[in-house]
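Participant: Below you'll find the structure I mean.
The values are calculated or read from the model by the stated rules, or taken from the named source; none is laboratory data. Quick caveat, the model's predicted, so the values are computed rather than measured. Glycine gets a Cβ as well: all are built from the backbone with ideal geometry, and neighbour counts include every protein chain shown.
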Amino acid sequence: MNEMHRHFIIHKPYGYLSQFVGDLKEKKLLGELHDFPEGVMAIGRLDEDSEGLLLLTTDGMMSEKFRSKNIEKEYYAQVDGEITEEAIKSLQHGVEIGIRNVRYKTLPCRVFRLTPHPDFPPRTKKIRDDRHGPTSWISITLTEGKYRQVRKMTAAAGFPTLRLFRVRIGQIKLGTMKAGEVVEVENLETV
């Protein structure tokens, strides 16, 4: 492995795009969180509304490895309503979602209700008022990563995602990292 490559683990806060440059006025970019080296790239992405674990590297081969179907990605999703066992089973077996106007059935995955709920700090922008009814949290572990897949899956099961965190990629966990925290590591494969 090339000793010149650099690798980072970050807790992407809500409201940031998973990119470093852009002509996007009033959008927050990852480069505002840290002085990253030239050529750094996000391994996979989290949309602007999603939070949590994001890996960055200057090594394109490392990026390909972590994005492969051999690496699990675990998400915690706060969904609208008290999710049912039927919806969880549906998610586990795969649901039909749209990808670029084409119907796609997701691969089987691990899904379970999280009790107690994760103890994440409140989001900077309030999701909704409690009077709109209950919410529940689930864990979803995937090996694929289609555009906005978790959000599309929970909506297809009848429980739209209100808040989404990626908490694990392979063996790397978000743990107790705070939103916006950046940690440089020697090797992503040995973290």
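Participant: If a residue must be under 28 Å from F159 (Cβ atoms), surrounded by 13 or more Cβ atoms within 10 Å (Cβ to Cβ) and not acidic (D, E), how many such residues does the stretch 56-79 contain?
Facilitator: The number of residues fulfilling the criteria is 8.
Participant: Now for a different question. Scan the stretch 140-180 for residues that are surrounded by fewer than 17 Cβ atoms within 10 Å (Cβ to Cβ) and among the hydroxyl-bearing types (S, T, Y) and jot them down.
Facilitator: Across the stretch 140-180, the qualifying residues are T141, T143, Y147, T176.
Participant: Consider E3 carefully, then state whether it is at pLDDT below 95, at positive phi and among the acidic types (D, E).
Facilitator: no
Participant: Continuing with the same structure: How do the pairs read when you match residues in the stretch 147-161 that are within 15 Å of P108 (Cα to Cα) with residues anywhere that are part of a helix (DSSP H, G or I) and among the aliphatic types (A, V, I, L, M), using Cβ under 6 Å and keeping only pairs 6 or more apart or on different chains?
Facilitator: M153/L91; A157/A87; A157/L91
Participant: Which condition number does M62 fail, the rest of (1) over 23 Å from R148 (Cα atoms); (2) within 20 Å of the chain's Cα centre (by Cα) being met?
Facilitator: So M62 meets the others, but not (1).
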